[in-house]
Structures are given as structure tokens and as C-alpha cells.
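Reading through the C-alpha cells given below for one structure.
The values are calculated or read from the model by the stated rules, or taken from the named source; none is laboratory data. Nothing here was measured: the structure is a model prediction, and the numbers come from that model. Here the Cβ is made from the backbone with ideal geometry for all residues, glycine too, and neighbour counts use every protein chain on show. The area values use the complete protein model at the heavy-atom level, side chains included, leaving out ligands, DNA and RNA. Shrake-Rupley method; radii C 1.70, N 1.55, O 1.52, S 1.80 Å.
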Amino acid sequence: LLNSNSFTVIRDDAFAGLFHLEYLFIEGNKIETISRNAFRGLRDLTHLSLANNHLKALPRDVFSDLDSLIELDLRGNKFECDCKAKWLFLWLKMTNSTVSDVLCIGPAEYQDKKLNDVTSFAYECTTTDFVVHQILPYQSVSVDTFNSKNDVFVAIAQPSMENCMVLEWDHIEMNFRSYDNITGQSIVGCKAILVGDQVFVVVAQLFGGSHIYKYDESWTKFVKFQDIEVSRISKPNDIELFEIDSEMFFVIADSSKAGLSTVYKWNNKGFYSYQSLHEWFRDTDAEFLDIDGKSHLILSSRSQVPIILQWNKVSKKFVPHSEIPNMEDVLAVKSFRMQDDLYITLTRFIGDSRVMKWNSKQFVEIQALPSRGAMTLQPFSFKNNYYLALGSDYTFSQIYQWDGERKLFRLFKEIYVQAPRSFTAVSTDRRDFFFASSFKGNTQIFEHIIIDLS
């Protein structure tokens, strides 16, 4: 009997050695905290009373060692019936012990009710986080992922090392390891294209022209397959892959003053230039998206507002459709969907970046994000959790998460990446990652984890 004292804490192994203790009463104290292993070893305990203390929560599985427990008294305590009580709620339904009523002090909707009357913890009791999984000791500007023969690969453009590094997910070591290395000159983009069982990588270069490589089974490496005309692509800034009517295309946005953003098409033998979109506009990004069942391209530029091109089914070419007004100097456009709604993000180095939503007639702004020094605003999602990664040259990069109630993205986490240039989601082996490329530091791989708050 330890009743009517002034105890405030019961720490781990408080009753070590009392293997045959059967009755333990700690009533009328001031206990607020009980450690997870406080009752460890009390396998013969049949009666436990913690009545009339100041308990608002109990650590998960605190009673797991009490194999012989017959009666538990928690009267006179009022619990926070939120996530911290979820495990106790489930334990009460499973235990064969007789347990006094557990009363709630909060949340407000459960005040003075019994824990057994709580209807659900499912939504409130999980959160997510991003933790560093692996650091790659080199700089990079773009990351692309692709699947081939049930394996997951990542292609990383490394201009300073003049490489397009191809990594493979190692199912045993549970990390990404080097698979192949495509060398070049000032590589700024590596984009994988899968045509049937063939794997190609478009390697965009600032010097020496851009090229396409094909994976050769006999050499177990990528070998040069085709050159891309230097006269058309002089300063590539983005590669976008898409498919229309079962035909494979990619477009390269050219950001030089004499640039000629060009669409290329697969003709069963190689990729040939199919359509020049426009010139003299210093295009920074191309984004393919489906708007109301029709294929479109959005081109962003340093010299004009983003323009929307629509695929003409008769001419089988892209034709000008509309523009996104009042959004000059956009570095990148990315599209994503939540439920049935279509959204785009517009990245700006100076001024606010934007999140916009398609309203069946045009894109309308739903949120502005301060983004001084931003080079990328990348949407991605894991397990119905929707995020935006905003990379800045001047401050911490910010990850925003979609708030379904407010219908806005809210700041979720800050991460430090030196001069970030891209964020890319990669999923494998029931695990989710995102790669943060860095123009001046190490490339970082973060893992997306689910945390059970109970």
C-alpha cells in the first residue's frame, strides 16, 4: 500500500525484484507520469490501483507485463482521450481484466464521457515526416526515376562531374547504389523513356549537343543511340515525356535566346524532330497535362507569360490555345491532381510562386507562396498525403502539406539543401523517398514515414 503520499512519477523498473507481488495500491498521490516499463517483471500481479491521481495519459503497453492482472482501478483520473489514449482504448476492448471506467477530460467533444464511447481515432492518430535516408556525395541538378524489369532506377544529372549517374534500388542493402554512368559535357538533364522492353535515356547537355542512350543487354550498360540536332537545341532546360494516342513523344524546352523548343516522336527506329513549338522566347520548362480529356502543353518562359498549347487531333500538332496572365518570369510549371481536380504550380525566382486550380474555363489562383530565390516548386504525393517542395537558394527549403479542411497548403517542415534544383518522388519496396538535388552540395535522399501518434 503506497496510498496518500506525494509521488508524482513512477519510473522504469520501480518494482524490480518483486516477482511475486500480487496487490499494488498507489492511490491518492500526485502521479502525472508513469514510465513505459514501470511495472516490468510483475507477472504475478493480480490487483493494481492507480485511483485518484493526476494521470491524463499512460504510455503505450504499460500493462504488457501484467500477465495475471484481474482488476485495474483508474478512477479519479481524467484522461486526454486523443491519440495518446488510442492504445488504451484498444487494450480495454481486448483485456480479460476488470477495469474501472476511464473518464475523459478532453477533447471537448468527449469531456466527462467514457473512453469506451470515443468513436474513432483513425484519422487523428497518424502523421508523417521526412527523415534523411541516404546522402550522395555529389552535386546534381535533376533527378528522374523509372522502373524496368521489376527494379527501380534513378538517373541523376551531374554537370560538375559531367555524368548522368544511374542508380538502382538495392533490395538487400535497402539503399540506392551505382548501376551505370553516362559521361558527357555539362549534363543538365537525364530523362528515361521506356518503349516496350527498351530503355532509353535522353541526356541534355549545354555543350557538345544532346544525345539519346539505349540500354544494351549484352554490354549491361547504356550506349549512345542517337544525337539530337545542335541547331535546334542549344541550351536545354527541361525534358518532358508524354504519350498521345499510344504514340511516344518528348519535348525539350530550350532557354537560349535563339532557342527552338522542339517535340520529338518515336518512329519505331528512333526519335525524330516532330514539331518546333516557337523560338526566341527562352523557354524554361514544358509541362504536359490533360485538361478536360484533351492533351495540352504549358510552356513557361523568362520573356513572356506561360502559354498553353492544345493538341489538334486533325493536324496532330500543338496549336496555341491560351495563356496564364500576369505571371511573367516563370521558371517552372508542374501539374498534379487531387481527387478529380487539376492544379498547377508556377515557380518564380523573384516574387511569389503560385498554386492554381482549373475551374473548367481557366486556371485561377488559390494560393501564393513567398519564394524569393526559388528555383523549383515541386508537387508530389505519398499515400494520399499531398505535398509541395519549395527550394530556395537563400534560405531553408520548405515542404508544404495539403490541408483538406482549409483547402490550402500549410508549412509542414523545413529542410536544408544547398542551392536545390529539383525534388523527385521515388517509391520502391513499400517505401517512399524523395531526392533533393543540390547544385552546390550533396544530393540528399529523404524517406517519407508514417508516424503512429498513439
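See the values below:
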{"item": "Sum of -39500 (n - 2.57) over DSSP H runs of 4+, divided by residues of the chain (222 nm, nearest 500)", "result": "-500 deg cm²/dmol"}
{"item": "Mean Cβ neighbour count within 10 Å, used as a protection proxy, ranking 303-312, 168-177, 44-53 highest first", "result": "44-53, 303-312, 168-177"}
{"item": "Extreme residue, positive dipole direction of the chain, given options I344, W219, Q134 (C-beta unit charges)", "result": "I344"}
{"item": "Under Karplus coefficients 6.51, -1.76 and 1.60, residue-wise ³J(HN,Hα) of the stretch 439-444 in Hz, glycine/proline x", "result": "7, 10, x, 6, 7, 10"}
{"item": "For peptides 3-13, 356-366, 378-388, sequence by mean Cβ density within 10 Å, most packed first", "result": "378-388, 356-366, 3-13"}
{"item": "Å² per residue, accessible surface of the chain at 1.4 Å", "result": "48"}
{"item": "Calculated FRET efficiency for the pair M338/R43, C-beta based, R₀ 56 Å, to 0.05", "result": "0.65"}
{"item": "S6 paired with N312, simple spin-label distance in nm, labels 7 Å along Cα-to-beta-carbon", "result": "8.9"}
{"item": "Percent RCO, i.e. relative contact order, over the chain, from Cα pairs under 8 Å lying at least 6 residues apart", "result": "10"}
{"item": "Virtual spin-label span in nm between T119 and E328, 7 Å along Cα→Cβ", "result": "5.3"}
{"item": "Rounded FRET efficiency, nearest 0.05, which uses the C-beta distance separating T183 from R372 and R0 of 35 Å", "result": "0.45"}
{"item": "Burial order of peptide ranges 284-292, 92-100 (average beta-carbon count within 10 Å, highest first)", "result": "284-292, 92-100"}
{"item": "Interchain or long-range residues, amide H under 5 Å from K413's placed H", "result": "I399"}
{"item": "Accessible surface of the chain [probe 1.4 Å, protein heavy atoms]: carbon and sulfur percent", "result": "48"}
{"item": "Charge tally in the Cβ shell below 13 Å around Q339, where Lys, Arg are +1 and Asp, Glu are -1, Q339 excluded", "result": "+1"}
{"item": "17 Å reach of a label modelled at S256, 7 Å along Cα-to-Cβ, counting backbone N of the stretch 184-201", "result": "185-189"}
{"item": "Over the stretch 110-207: Kirkwood hydrodynamic radius from C-alpha pairwise inverse distances, Å", "result": "16.5"}
{"item": "Value of relative contact order over the stretch 242-370, rounded to a whole percent, pairs C-alpha under 8 Å and six or more apart", "result": "14"}
{"item": "Point-charge dipole on Cβ atoms (K/R +1, D/E -1) for the stretch 108-263, about Cα centre, debye to 20", "result": "520"}
{"item": "Cα gyration tensor category, rounded, prolate or oblate, for the stretch 1-65 with a/c compared to 1.5", "result": "oblate"}
{"item": "Cross-link partners of K56 among lysines (Cα-Cα below 28 Å; sequence separation of 8 or more within a chain)", "result": "K30, K78, K84, K86, K93, K113, K114"}
{"item": "Linear extension gain, D65 paired with D151, 0.36 nm per residue minus alpha-carbon span", "result": "26.6 nm"}
{"item": "Rg followed by Dmax, in Å, when the stretch 123-273 is reduced to its Cα trace", "result": "16.7, 57"}
{"item": "Candidates per trypsin sites (Lys or Arg not before Pro) in the stretch 295-343, loop by DSSP, up to 11 other Cβ within 10 Å", "result": "K313"}
